[in-house]
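Quick note: the coordinates plus some simple rules give every number you see, no bench work behind them. The structure presented is a predicted model; accordingly, all values stated were derived computationally and were not measured. Reconstructed Cβ throughout: ideal geometry from the backbone, glycine too, with neighbour counts over all protein chains shown.
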Amino acid sequence: MASIGQIVEQTPSSEVLSRAQARAALVPDCMVEAKRIANTVISGWHGRRKRGMGENFWQFRPYAEGESLSRIDWRRSARDDHTYVRDREWEAAHTVWLWADLSPSMMYKSTFAHVSKESRALVLMLALAEILARSGERIGCPGVMEPVSARNAAERLATAIIHAPITSGLPETAMIRGQSDIVLIGDFLDDADRVMERIAPLGRRGLRGHVVEVADPAEETFPYVGRTEFTDPETGEKLVSGRAETIREDYQRAYLARRETLGNELRRLGWSFVFHRTDHLASEALAAVHGHLSGLPAQRPGGRA
């Protein structure tokens, strides 16, 4: 997906090899960081809880029209003027599909951030895999790894990513069956309508989705002044601005409008949307996404829902 930033021009074959080698070198460090922030976020949390078919009571909630009358808890409802349903906790293993955009634009890192967007996306994906695996969930990655239910699912995912082919754009999802969750992590800098053309069919298929937009601080603040050359890492196209500061206001307006449109469309679909900047703590975004997966949306700086 398109991004501001510059890349070294290479032949296609050498570029693919270089990117594969860089990814192989990056993943182990990301796995270490993922385990660290997973331990931070999961501390004091005892697994994922959600409504479903199980033995244990979870919560009372208001009755919704169309639900079976057999689910009503008449004793609790008799206490006031409302009708309540007794929810039970989901106990069956659930499948969560995790995907991180590893296209060229994700390699961007300005001087205002300590890590690239690619590194942060990998850390978030692997940390989610670590947390969900501890909860007994089945973890998969579209086109990279079939769902597995194992304590070492995060390590297995990391290994699969190292050997995965270089691809761009949103993943193929034809292999996803049934009621599953899918977490998509990337910069999503394409036009919001184009992104939704790919995502909307997933929602109509019954997938419960969560989108995490990862951004470098320079992409949001546009700190450039004077003569500046921008290169699209996806197409190689260049844009030269004699006075970059003169287009800052228009750029920021368009940038924020795209994000707002995307977030609104995703929420209209019933999906969650989290925005995260790479100069903020990864644990903030991780906690927000984990909250959405748990049915408890979190509002945190740097991981805004």
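With the convex hull built on the Cα atoms of the stretch 201-242, state its orientation-averaged projected area in nm². The partial results should precede the final answer.
Working: hull surface 19.3 nm².
Mean projected area for the stretch 201-242: 4.8 nm², to one decimal.
List the residues whose amide H sits under 5 Å from the amide H of Tyr108, counting only those 5 or more places along or on another chain, with H placed 1.01 Å from N in the peptide plane.
HN-HN under 5 Å from Tyr108: Lys117, Glu118.
What FRET efficiency comes out for Arg151 versus Asp73 if R0 is 35 angstrom and r is the Cβ-Cβ distance? Round to the nearest 0.05.
My answer for the efficiency is 0.45.
I need the phi-derived Karplus couplings for the stretch 263-270: 6.51 cos²θ - 1.76 cosθ + 1.60, θ = phi - 60°, integer Hz, Gly and Pro marked x.
x, 5, 5, 5, 5, 5, 6, x
Quick one: which residues, 5+ away or cross-chain, put their amide H under 5 Å from the amide H of Phe273? H built at 1.01 Å from N.
Val211
Whose amide H sits under 5 Å from the amide H of Arg86, counting only residues 5 or more places off or on another chain, with H placed in the peptide plane?
Sorted by chain and number, the residues that satisfy this are Asp73.
How much length is gained on full extension from Asn264 to Glu245, taking 0.36 nm per residue of separation minus their Cα-Cα distance?
Values: separation 19, 0.36 × 19 = 6.84 nm, distance 2.93 nm.
Result for the pair: 3.9 nm of gain on full extension.
Taking the stretch 130-211, which GluC sites (Glu not before Pro) meet the DSSP loop condition and have no more than 13 other C-beta atoms within 10 Å?
On the way: sites: Glu130, Glu137, Glu155, Glu172, Glu197; in loops: Glu137, Glu172.
Of the GluC sites (Glu not before Pro), the ones in loops of the stretch 130-211 whose Cβ has at most 13 other Cβ atoms within 10 Å are Glu172.
Please identify every one of the trypsin sites (Lys or Arg not before Pro) in the stretch 201-305 that sits in a loop by DSSP and has no more than 15 other beta carbons within 10 Å of its own beta carbon.
Answer in residue order: Arg205, Arg227, Arg243.
Work out from phi, with θ = phi - 60° and the Karplus expression 6.51 cos²θ - 1.76 cosθ + 1.60, the ³J(HN,Hα) of each residue of the stretch 141-157, listed in order in whole Hz, and give x for Gly and Pro.
Once rounded to whole Hz, the list reads 9, x, x, 10, 8, 5, x, 10, 10, 7, 5, 9, 4, 5, 5, 5, 5.
GluC sites (Glu not before Pro), restricted to the stretch 223-293: which are DSSP loop and have at most 10 other Cβ atoms within 10 Å?
On the way: sites: Glu229, Glu234, Glu237, Glu245, Glu249, Glu260, Glu265, Glu284; in loops: Glu234, Glu237.
Answer by residue number: Glu237.
Please rank Tyr84, Tyr255, fewest neighbouring Cβ atoms within 10 Å first, as an exposure proxy.
Starting with the residue having the fewest Cβ neighbours, the order is Tyr255, Tyr84.
Net charge near Asp190: determine it from the other residues with C-beta under 11 Å of the C-beta of Asp190, scoring Lys and Arg +1 and Asp and Glu -1.
Details: positive: Arg194, Arg198, Arg258; negative: Asp101, Asp187, Asp191, Asp193, Glu197, Glu234.
Net charge around Asp190: -3.
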